1. Enter the accessible area of Leu356 (Å², nearest 10), with the probe set to 1.4 Å and all protein chains included.
2. Calculate one ³J(HN,Hα) per residue across segment 86-100 by plugging θ = phi - 60° into the Karplus curve 6.51 cos²θ - 1.76 cosθ + 1.60, and present them in order as whole Hz with x for glycine and proline.
3. Quick one: accessible surface of Val39, probe radius 1.4 Å, all protein chains present, in square angstrom to the nearest 10.
4. So if I take the alpha carbon set of segment 59-149, get Rg, then get Rh from the Kirkwood formula, what is the Rg over Rh ratio?
5. For segment 353-400, compute the orientation-averaged projected area of the C-alpha convex hull (one quarter of its surface), in nm².
6. Which far-off residues, 5 or more places away or on another chain, put their amide H under 5 Å from the one on Asp34, with H placed in the peptide plane?
7. I'd like the GluC sites (Glu not before Pro) in segment 403-454 restricted to DSSP loop residues with at most 13 other Cβ atoms within 10 Å, sorted by number.
8. Per residue of segment 197-209, in order, report the coupling 6.51 cos²θ - 1.76 cosθ + 1.60 (Karplus, θ = phi - 60°) as ³J(HN,Hα) in whole Hz, putting x for Gly and Pro.
Amino acid sequence: MRTLLIALCLLLAAPQSAPLAQGGRRVALVVGIDGYANVQTLTRARNDATSIARQLTEIGFEVILRTDPDRRGISTALAQFEDRLRGAEVGMFFFAGHGVEIRGTNVLLPADIPATLSESILLREGFLLTDVAQAMTESGVRYSALIIDACRDNPLPRQAGRSVGRTRGLGRVDAPQGTYVVYSAGIGEAALDRLSDTDPSPNSVFTRYLLPALAQPGLSLDAAVKQVRDQVRTDAASVRHQQNPAIYDQATGELFLIPQAAAPAPTPLPPAPPAQVAAPDGTAAAELVFWQSVQGTGRPAELEAYLERWPAGVFAPIARARLAALASPALPRSVPSGGPLGREAIIQLQRRLASLGLDPGPADGTPGQRTLAAIRAAQYALGLTVDGEASDALVTRLGQQPVPEAPDLARGLAAQAPAALQERNPAEAVRVLEAAVRLAPRDGALWLMLGDVNRQRGANEPARRAYVAARNAGAGEADARIAALPTARVEPVASAAVPNPAVPSPPGRCGVTFAGTRTQDGLTGFNFRNSCPTTMAFRANCPSAPTLARGDITIGANTSTTVWAASRGAAGACSVNARAR
């Protein structure tokens, strides 16, 4: 049995109702301990930590993951965490393991905690939750959140009626200002690892609901946790157990982990069907009314909504044909874009573009290649002249409602891939297409384009994954493309040292590679790329930033991450040792 305490450090910066900015750095330390050497072992804490680390990586966090660390290992991880928090907007601390309350203080226990009745030893050998929260606050992040799953039955020994700490669970925490804290169970309650001995889930009851909640676009952290709390209460009650996740909220504003495009304006219903069409009943009637409401739309999301509900419907062929036409790379040009912007305005624009999921790069006031691509995508979606210029007109339109829809932004990104290929820059073509499919994962045409570009580069396994995604999204051409690919099996490599980051991995081989550096606010960002179809853990040996070699860094499947650190001297190339997680 166990409790999860959530401490997330996150920055909120948006011009209207103070939601947290999406473009800033987000850093998380995730710890899970099953293998206690001297007290009762656990079975799901390590799985919980690994699952949370994977989810946070996928939504843009720089993640430090530690499983079964001893006291020294946690101390090293905390030092690395504090270092990376400098200059970050969002910070998260997640702990799954044993914890006890001693003299009103919540203590988190490392894997080598001794089985002792001495409160002094436990306070010295454990980690005080208040110290972790205070360190996050002092780092300068604007929003802090801690997630602690440590409210289990007290694992420490009892002798002659003596015991140390509360029998079960943790005590109340006084959250510092700007901090959001969640326990997976209330004061004195024990959190459930499982609902029964035959429960097949690899995660605790709290974490199994937290994971999908964190992945919901447009859902604030507070709303997600309250949704999880209701689900946990219901499941616990079904096995006659009481578990009420506790929330201690001293944060300012709302944190949205994944941006959500505004819902499209409602389309007026057209007149009733012609007299010659018999009025159907039940499902057929619902399909007809739904189709009449979207048949004249130019919004792909509405056509996709119809196909999702009626994939074999009467009007499905027409809907797919219109989606294919809307996926054309022709760029609309209608409204002039206006004059250029100054540096500070460009920084605000970069942050706004990042909040839409367009990956414009760092908010540094310099419109580099990634920023220009994001601007063109926004111009495409808004009907502005597509010229890549950071203009007053673009800023004004992005500040109005409704905001651009994710499928339109995705097509604006994808429309730039052909030009990148013509300029012999296939890496940029892949980048914009990968950003596009993240925005519109059910658009089969975009997945096909990504597969085609990867196939042209000789990256057969990424091409295969893209074609499979296209097939799952309903693209009929995907099977033929899959059949045309080589059939060689691809396995993740156990390690990869990359002396030259400009050289891509050879076909049929994947790994984690160093992809260069960038600087911002006195820090150096070390970029890494995972070309494998699985989540990887790697250790980076960077001569100018030796702190990166102190522990493993987790990176999601087929994605990139940036690790920020204080660099000593000129930032050179890093070697990478990676393994499948």
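The values are calculated or read from the model by the stated rules, or taken from the named source; none is laboratory data. The shown structure was predicted, so the numbers you read here are calculated from the model rather than taken from an experiment. Note: ideal-geometry Cβ built from the backbone for every residue, glycine included; neighbour counts use all protein chains shown. SASA here: full protein model, heavy atoms, side chains in, ligands and nucleic acids out. Shrake-Rupley method; radii C 1.70, N 1.55, O 1.52, S 1.80 Å.
1. Accessible surface of Leu356 is approximately 20 Å².
2. 5, x, 7, 9, 10, x, 9, 10, 10, 10, 10, x, 8, x, 9
3. Solvent-accessible area, nearest 10 Å²: 20 Å².
4. Numbers: Rg = 13.5 Å, Rh = 13.9 Å.
Rg/Rh: 0.97.
5. Values: hull surface 12.2 nm².
Average projection, Cα convex hull of segment 353-400: 3.1 nm².
6. Answer set, sorted by chain and number: Arg46, Asp68.
7. Values: sites: Glu405, Glu423, Glu428, Glu434; in loops: Glu405, Glu423.
Hits after loop and neighbour filter: Glu423.
8. 5, 9, 4, x, 5, x, 10, 5, 4, 5, 5, 4, 8
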